[in-house]
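Worksheet: the structure to be examined is printed underneath.
The values are calculated or read from the model by the stated rules, or taken from the named source; none is laboratory data. Fair warning: this is a prediction, and the values are worked out from it, not measured in the lab. Glycine also receives a Cβ, built like all others from the backbone with ideal geometry; neighbour counts cover every protein chain displayed. Note: areas computed on protein heavy atoms with side chains; ligands, DNA, RNA excluded. Shrake-Rupley method; radii C 1.70, N 1.55, O 1.52, S 1.80 Å.
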Amino acid sequence: MNALLIYPQFPDTYWSFKHALKFLGKRAAQPPLGLMTVAALLPAAWRKRLVDTNVERLRERDLAWADVVLLSGMHIQQETLVAIVERCRARGLRTVVGGPIASSVPAAELKADHVVIGEAESLIAELARNLEQGTAKPLYQAAEKPEMSSSPLPDLSLIKMNRYSTMTVQYSRGCPFNCEFCDIIEIYGRRPRTKAVAQVLAELDQLYAAGWREAVFIVDDNFIGNKARAKDLCAALAEWRGQYRKSFDFLTEASLNLADDPELMQLMKDAGFVSVFLGIETPDEPGLIAANKLQNTRRSLLDSVALIQSYGMQVMGGFILGFDTDGEDIFDRMVEFIQKSGIPIAMVGLLQAMPGTQLFRRLRREGRIVDAGGGDNTGGVLNFLPHMDAAKLVEGYRSVLKRIYSCEAYYERVKLYLNRTHPRHGGEKSRQQWMTRANARALVTSILRQGVFSRQRWSYWKFLLAVATRYRHCIGPAMTLAVMGYHLQVITDNLARAAKKVTAAAGEMAGESLD
Ligand code: B12
Ligand code: SF4
């Protein structure tokens, strides 16, 4: 069998980092690890090709070569995924769709011959056999959450590694917490399942042998879901990294209770973790309680963030507006909190009721669900009826984005973070190591785009001056953040322009109906 694995294109959102990646000569942030894992699980006798349409074109000759097409995706990729499915089916090609999208969108809407819900490890053998025999069923649903020991070494040979800025390794799946809006726990469960340390090191060895020397994102739902095991892994990572002259920096996602464990933070620092994404959600404690995000309550969120930063880890934060408990002062409070947090990359989204979540079920009971949503929490579109006036909420959301991503506000946060962090003494690379060819190219492009052609060039030069005088010891993170800021500002401008068009069109329609 010739199996063609296809990853659909993402829309251009805050999360695509597309405008910053151009500076580095890269086309996407991360490769499709789900498909690389599925490829490794398919029978060894099958021939495999992988096309990630985020970094390359899907060619007719790939489709002509294939006997079966396997697609993966998130809810947000629905439009591009369905377009590919339809293109394949038009030429009589058999299609199989899996990945998180299959848990969020009804199978019929995916238009594929076969839909797989859940993790591939436990059912791929049956699926492959059925596909070979022509007896595959329309729907497969994993009966259980497989142990991670059954997850193979992802097939790295199928991707064009140099087109990505970061490689990925998954250590664990699942999260022990129970936040109402979260679909992670519905898809991957609440019991953290971890790989053995040796499995993770084998994946890193594979990356190193393939020539990778840049950042590695440990793409766990919550890296510290099982703290004891995370500590063992960190100790092993520190040793592994030591052997390879500190070649990889690690990034990951974790819950905020990381701040309660100095031993774990120190171990992460020693292992080379330079960045951690935390779901902070809101500075409003009643909102956290109502969302059942209890691990973020009864503490100073700002102090917890600052403590983690002091271990050399940049904190990226997820924030949500639109909880039932939000009053009209939430917008100012959110901006004030983010500015004080020193979190440069603050991903603020509107609350989405994702299908399959506790939130979706509650809002449906209350008769407040409008539709299943599109999987994008930054587009200014709501899929439920909020308590606050919807127009006020969307307008307030946009004002938050505009304020936190103004150049001045953004660079203020970067400087606050650089003041708090001590990257030179931690896992961070030295200045010489940072100056790779890709980074040198990014620096030159950044100076041209942000320092010469941008309207905000004065803020940019002021920031560069500060880096040259006060932050020379962490020029790497400072310049990376300057470049990422460019992406965040472009997306914010695009969203503001799109919103203006919608308002103007609504105004025209209102005018017409008055006439
Ligand atoms: C890394 C990551 C990213 C990376 C992108 C990585 C990439 N290239 O795909 C970044 C940071 C850019 C990203 C962005 C976003 N992400 Co994201 N991301 C992840 C994360 C943490 C890991 C993904 C991964 O590599 N997993 C490891 C692989 C092995 O797991 P897997 O893909 O699930 O694959 C298994 C099964 O699903 C199945 N399978 C997968 N594909 C297929 C195909 C076939 C044919 C078969 C049979 C089986 C199968 O078998 C695999 C092995 O078991 C996941 C969480 C998670 N646990 O997966 C969230 C997750 C996928 N992201 C999610 C979301 C919502 C987003 C964003 C929309 C952000 C947001 N919150 O608004 C953006 C979208 C991007 C954009 N441009 O707008 C959701 C998706 C929810 C959904 N139901 O679709 C997840 C599940 C997390 C969450 N709930 O918040 N993300
Ligand atoms: S901590 Fe994060 S992953 Fe865990 S349940 Fe809450 S939102 Fe989901």
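From the list Arg213, Arg190, exactly one residue is more than 10 Å from ligand 1 (Cβ to nearest atom), free of Cβ contacts under 8 Å to residues at least 24 places away in the same chain and among the basic types (Lys, Arg). Which is it?
Of the residues listed, the single one that is more than 10 Å from ligand 1 (Cβ to nearest atom), free of Cβ contacts under 8 Å to residues at least 24 places away in the same chain and among the basic types (Lys, Arg) is Arg190.
Restricting attention to the range 51-80, and to residues there that are part of a strand (DSSP E or B) and within 11 Å of ligand 1 (Cβ to nearest atom), which single residue is nearest to Ala102 (Cα to Cα)?
Ser72
Might you let me know whether the range 97-115 holds any residue that is part of a strand (DSSP E or B) and of a type in the set (D, E, K, R)?
no
Just to be sure before I move on: is Ala39 farther than 16 Å from Ser157 by Cα and either touching a Phe, Trp or Tyr at 6+ places or on another chain (Cβ under 8 Å) or in contact (Cβ under 8 Å) with a residue 24 or more places away in the chain (or both) in the structure I sent? Before the answer, list the steps.
Values: farther than 16 Å from Ser157 by Cα: no; either touching a Phe, Trp or Tyr at 6+ places or on another chain (Cβ under 8 Å) or in contact (Cβ under 8 Å) with a residue 24 or more places away in the chain (or both): yes.
No.
Scan the range 290-319 for residues that are assigned to a loop (DSSP other than H, G, I, E, B) and of a type in the set (A, V, I, L, M, F, W, C) and jot them down.
Result: Ala291, Met313.
So which of Glu214, Glu186 ends up being open to solvent by 50 Å² or more (accessible area, probe 1.4 Å), out of contact with any helix residue (DSSP H, G or I) (no Cβ under 6 Å at 6 or more places or on another chain) and not in a loop (DSSP other than H, G, I, E, B)?
The unique qualifying residue is Glu186.
Of the residues that sit in the range 338-373 and are touching an Asp or Glu at 6+ places or on another chain (Cβ under 7 Å) and assigned to a loop (DSSP other than H, G, I, E, B), which one is farthest from Ser399 (Cα to Cα)?
Gly356
Quick one: which residue in Gln432, Gln450 is over 19 Å from Gln314 (Cβ atoms), modelled with pLDDT under 95, crowded, with 19+ Cβ neighbours inside 10 Å and of a type outside the set (Lys, Arg)?
Gln450
Looking only at the range 23-32, which residues are surrounded by fewer than 20 Cβ atoms within 10 Å (Cβ to Cβ) and either free of Cβ contacts under 8 Å to residues at least 60 places away in the same chain or under 18 Å from the mean Cα position of the chain (by Cα) (or both)?
Those that are surrounded by fewer than 20 Cβ atoms within 10 Å (Cβ to Cβ) and either free of Cβ contacts under 8 Å to residues at least 60 places away in the same chain or under 18 Å from the mean Cα position of the chain (by Cα) (or both): Arg27, Ala29, Gln30.
I'm told Glu253 meets every condition in (1) more than 13 Å from ligand 2 (Cβ to nearest atom); (2) within 19 Å of the chain's Cα centre (by Cα); (3) without any contact (Cβ under 8 Å) to a residue 40 or more places away in the chain except one. Can you identify the failing condition by its number?
Only one criterion is unmet by Glu253, namely (1).
Identify, from the list Ala346, Ala390, the residue that is out of contact with any helix residue (DSSP H, G or I) (no Cβ under 8 Å at 6 or more places or on another chain) and at pLDDT 95 or above.
Ala390 is the lone residue from the list that is out of contact with any helix residue (DSSP H, G or I) (no Cβ under 8 Å at 6 or more places or on another chain) and at pLDDT 95 or above.
Working only within the range 167-181, note down all residues that are within 9 Å of ligand 1 (Cβ to nearest atom), part of a loop (DSSP other than H, G, I, E, B) and closer than 16 Å to Leu251 by Cα.
Result: Gln170, single match.
Please go through the range 265-286 and give me each residue that is in contact (Cβ under 8 Å) with a residue 40 or more places away in the chain, closer than 25 Å to Asp183 by Cβ and more than 16 Å from ligand 1 (Cβ to nearest atom), ordered by number.
Scanning the range 265-286 gives Pro283, Asp284.
Restricting to the range 264-291, give me the number of residues that are over 17 Å from Ile308 (Cβ atoms), surrounded by fewer than 18 Cβ atoms within 10 Å (Cβ to Cβ) and in contact with a Phe, Trp or Tyr (Cβ under 8 Å, 6 or more places away or on another chain).
Counting residues in the range 264-291 that are over 17 Å from Ile308 (Cβ atoms), surrounded by fewer than 18 Cβ atoms within 10 Å (Cβ to Cβ) and in contact with a Phe, Trp or Tyr (Cβ under 8 Å, 6 or more places away or on another chain) gives 1.
Test Arg298 against the criterion of being more than 16 Å from ligand 1 (Cβ to nearest atom), at pLDDT below 95 and open to solvent by less than 10 Å² (accessible area, probe 1.4 Å), and give yes or no.
Taking the combined requirement at face value, the residue does not satisfy it.
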